[in-house]
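S.K.: Structure in structure tokens, see below.
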Amino acid sequence: MTMDQILENPSTVTLDTLELRVKQCARCPLSETRTNIVFGEGDSHARVVLVGEGPGEVEDQTGKPFVGPAGQKLDEVLASVGITREEVYIANVVKCRPPGNRAPTKKEMEACLPYLEAQIALINPGLIITLGNTPTQWLFPSASGITSIRGTFLPWRGGIQLLPMFHPSYLLRYPSRAKGSPKYLTWLDIKRVKKWLDE
Ligand code: SF4
């Protein structure tokens, strides 16, 4: 079955069978340097899907998304409003680690995008949180930079909304919690997500 067929009728696959397919993937050169694919994990019926850029070193080693220092920071952000990892789904634009933690190229992202599209179609969330500039601009090309667009609910497709937030690795670089700091703004944003979930 081709990816186009899967996207037209996602009920023909499950997340598990899609993951098996991705494990064999060699659609871009990142397949040559990866240790493990990092497919994504969480609730397969989650109302919220978080999308990052791509796996880092710890993720590549473990095959799990957001488990390194940035992942721990993400857990903290979610926990600050009582959201657990188990009730969301976490994925990346590319499923294999770009060497040296460089940004994925446009070609790599184009090659991998059908998998993310299929994951979103299968999960059918109400809200997608994009973490940082790369997934935001990739899923919503008309979005302005993350600093000005973060915290804004954007209408995406089929009733799904998209909310850009800072990438947790950015928060690691700016420890201040002062009003107006990245951490403070992220706390405002995650409270918006919690309010959306509660409604
Ligand atoms: S990054 Fe995506 S498209 Fe490239 S090899 Fe990995 S799974 Fe395939």
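S.K.: Would you be able to tell me the number of residues in the stretch 72-115 that are of a type in the set (Val, Ile, Thr), surrounded by 15 or more Cβ atoms within 10 Å (Cβ to Cβ) and within 16 Å of GLY132 (Cα to Cα)? Outline the logic, then answer.
M.R.: So in the stretch 72-115, the residues of a type in the set (Val, Ile, Thr) come out as 77, 81, 83-84, 88, 90, 93-94, 105.
Those left that are additionally surrounded by 15 or more Cβ atoms within 10 Å (Cβ to Cβ): 77, 81, 83, 88, 90, 93-94.
Within this subset, residues satisfying the condition of being within 16 Å of GLY132 (Cα to Cα) are 77, 90, 93-94.
Residues that pass the stated criteria total 4.
S.K.: Would it be correct to say that ASN9 is modelled with pLDDT under 95 and of a type in the set (S, T, N, Q)? Quick ask: steps written out before the conclusion?
M.R.: Details: modelled with pLDDT under 95: yes; of a type in the set (S, T, N, Q): yes.
Taking the combined requirement at face value, the residue satisfies it.
S.K.: Give me the residue from the stretch 77-109 that is away from the ligand (no atom under 12 Å from the Cβ) and free of Cβ contacts under 8 Å to residues at least 12 places away in the same chain and, out of that set, nearest to SER176 (Cα to Cα).
M.R.: So the residue we want is ALA79.
S.K.: For the stretch 19-65, enumerate the residues that are away from the ligand (no atom under 13 Å from the Cβ), small (Gly, Ala, Ser) and within 13 Å of PRO99 (Cα to Cα).
M.R.: Within the stretch 19-65, GLY56 is the sole residue that qualifies.
S.K.: Helices (runs of 4 or more DSSP H) wholly in the stretch 117-199 with at least 3 residues that are farther than 30 Å from ASP16 by Cα and in contact (Cβ under 8 Å) with a residue 12 or more places away in the chain - which ones? Walk me through how you get there before you give the answer.
M.R.: Numbers: elements: 133-139, 146-149, 168-173, 182-198.
Here the list reads 168-173, 182-198.
The values are calculated or read from the model by the stated rules, or taken from the named source; none is laboratory data. Because the structure is predicted, anything quoted here is derived from the model rather than measured. Using ideal geometry, Cβ is built from the backbone for each residue, glycine included, and neighbour counts are taken over all protein chains shown.
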